[in-house]
Structure formats: structure tokens, C-alpha cells
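Input: a single structure, listed below in C-alpha cells.
The values are calculated or read from the model by the stated rules, or taken from the named source; none is laboratory data. Computed from a predicted structure; not experimentally measured. Counting neighbours? That spans all protein chains shown, and the Cβs are built from the backbone with ideal geometry, glycine included. We work out accessible area using only protein heavy atoms, side chains counted, and drop any ligands, DNA or RNA first. Shrake-Rupley method; radii C 1.70, N 1.55, O 1.52, S 1.80 Å.
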Amino acid sequence: MNIKLNGEDFEFSGKNVADLVVSVGPDKPFAVAVNTQFVSKGVYEQTLLSENDAVDIVRPVVGG
């Protein structure tokens, strides 16, 4: 299926956020949002992805 990952087209063969995190392998720490909604780590497996979902995997920004 095709999704948008951080604003770019991404061909994804998994089914949920957990599969996507394994596929992408982001550096820790990171946060995930699907269609602008934050997804907590505890529900990655239950959060199914669909065609054209917009997923953002971001790292926190620190500083002052």
C-alpha cells in the first residue's frame, strides 16, 4: 500500500504502525502520528494503516 511518510510517498507492505517502525528503523527517541493523531508506543500493533494514510515519525527537539 502507499502511504505518506513524513510528507513523502512510501510503499509499505506491513499492516500496522509496529510493522512500519520495524521497516523504517528510526533512531530513538521518536514519536509517531497517523493522520495528525499521536500514537503511543503501547498501541503500535493495534494501529492499522490504510492506503494514503499520512504518517509522521519525528524526533523531539530540545533546547532553549
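In table form, for the structure just shown:
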| item | result |
| --- | --- |
| Elements of type strands (runs of 3 or more DSSP E) contained in the chain, each with 1 or more residues being of a type in the set (Phe, Trp, Tyr) | 8-11, 37-39 |
| Tally, over the range 8-40, of residues that are out of contact with any strand residue (DSSP E or B) (no Cβ under 8 Å at 6 or more places or on another chain) and either of a type outside the set (Ser, Thr, Tyr) or open to solvent by less than 30 Å² (accessible area, probe 1.4 Å) (or both) | 10 |
| Inter-residue pairs, beta-carbon under 9 Å, first free of Cβ contacts under 8 Å to residues at least 40 places away in the same chain and in the range 31-45, second assigned to a loop (DSSP other than H, G, I, E, B) and β-branched (Val, Ile, Thr), 6+ apart | 32/47; 34/47; 39/47 |
